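Encoded as structure tokens, the structure appears first; notes follow it.
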Amino acid sequence: MPSSESEVREEIALLAAIAGGGREAFRELYGRYSAPLFSLALRFVGDTGTAEEVLQDACLKIWRHAGSYDPAKSRPFTWAVTILRRTAIDQLRRQQRTPPALPIPADDFAPAEFASGENTRRATETHETAARVRSVLATLASPQRDALELALFSTLTHAEIAARLAQPLGSVKTWIRRGLSDLRQTLSLPPP
């Protein structure tokens, strides 16, 4: 189901409220974004514990820097994904690790690792979100899918991705932007 312009306006308003210290606005945004962002973090770092740390750090950055969000530059979810990606890259560099190889595996994690009911519910939601990410990526044409996967799950710049794929930089940027939009639409969660 595509993300409506009214949902985007709501998310922009939530970020404005968060910039003013709105805790309830942050809770609502977190409810919308935490599962898809966790799924992306897990895919990026390949470890549940590290993905949880990355998500927590990224959410703190969203809280602290909500006032710097510019709706003229990106949609709120794209901005959040960018923060998450940079946070994951920083975490991997601190650990001197490299991201896991592409493509996304069939099982991103084992839900049995989680003991509590809340963690089991979250693990199940995350597994379902990862399946939705895989289904969106599977629908994309190969060059667009490759560009999006490299943008999300590697430390390459857009120019480096274009060089690796032997494609024009403008095309790569368009593919990534459209792919992120498709992911955003697929991963949008109903308000809690």
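Would you say Leu42 is surrounded by 13 or more Cβ atoms within 10 Å (Cβ to Cβ), in contact (Cβ under 8 Å) with a residue 60 or more places away in the chain and among the hydrophobic types (A, V, I, L, M, F, W, C)? Give the derivation first.
Values: surrounded by 13 or more Cβ atoms within 10 Å (Cβ to Cβ): yes; in contact (Cβ under 8 Å) with a residue 60 or more places away in the chain: yes; among the hydrophobic types (A, V, I, L, M, F, W, C): yes.
Spelling it out, Leu42 is indeed surrounded by 13 or more Cβ atoms within 10 Å (Cβ to Cβ), in contact (Cβ under 8 Å) with a residue 60 or more places away in the chain and among the hydrophobic types (A, V, I, L, M, F, W, C).
For Gly21, work out the one condition from (1) crowded, with 19+ Cβ neighbours inside 10 Å; (2) not hydroxyl-bearing (Ser, Thr, Tyr); (3) not in a helix (DSSP H, G or I) it doesn't fulfil.
Among (1) crowded, with 19+ Cβ neighbours inside 10 Å; (2) not hydroxyl-bearing (Ser, Thr, Tyr); (3) not in a helix (DSSP H, G or I), the lone unmet condition for Gly21 is (1).
For every residue, the table says whether it meets (1) free of Cβ contacts under 8 Å to residues at least 12 places away in the same chain; (2) touching a helix residue (DSSP H, G or I) at 6+ places or on another chain (Cβ under 8 Å); (3) not charged (D, E, K, R).
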| residue | (1), (2), (3) |
| --- | --- |
| Gln56 | yes, no, yes |
| Cys59 | no, yes, yes |
| Tyr69 | no, yes, yes |
| Ala72 | yes, no, yes |
| Arg75 | no, yes, no |
| Thr78 | no, yes, yes |
| Val81 | no, yes, yes |
| Thr87 | no, yes, yes |
| Arg94 | yes, no, no |
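Condition (residue is in a helix (DSSP H, G or I), among the hydroxyl-bearing types (Ser, Thr, Tyr), modelled with pLDDT of 70 or more and surrounded by 19 or more Cβ atoms within 10 Å (Cβ to Cβ)) applied to the range 68-86: is it met by at least one residue?
There is no residue in the range 68-86 that is in a helix (DSSP H, G or I), among the hydroxyl-bearing types (Ser, Thr, Tyr), modelled with pLDDT of 70 or more and surrounded by 19 or more Cβ atoms within 10 Å (Cβ to Cβ).
Look at Ser135 and say whether it is of a type in the set (Ser, Thr, Tyr), more than 22 Å from Ile89 (Cβ to Cβ) and out of contact with any Cys (no Cβ under 6 Å at 6 or more places or on another chain).
yes
State yes or no: is Ala51 aliphatic (A, V, I, L, M) and either outside any helix (DSSP H, G or I) or within 24 Å of Gly179 (Cβ to Cβ) (or both)?
yes
The values are calculated or read from the model by the stated rules, or taken from the named source; none is laboratory data. A quick note: this is a predicted structure, and the numbers were derived from the prediction, not measured. Glycine also receives a Cβ, built like all others from the backbone with ideal geometry; neighbour counts cover every protein chain displayed.
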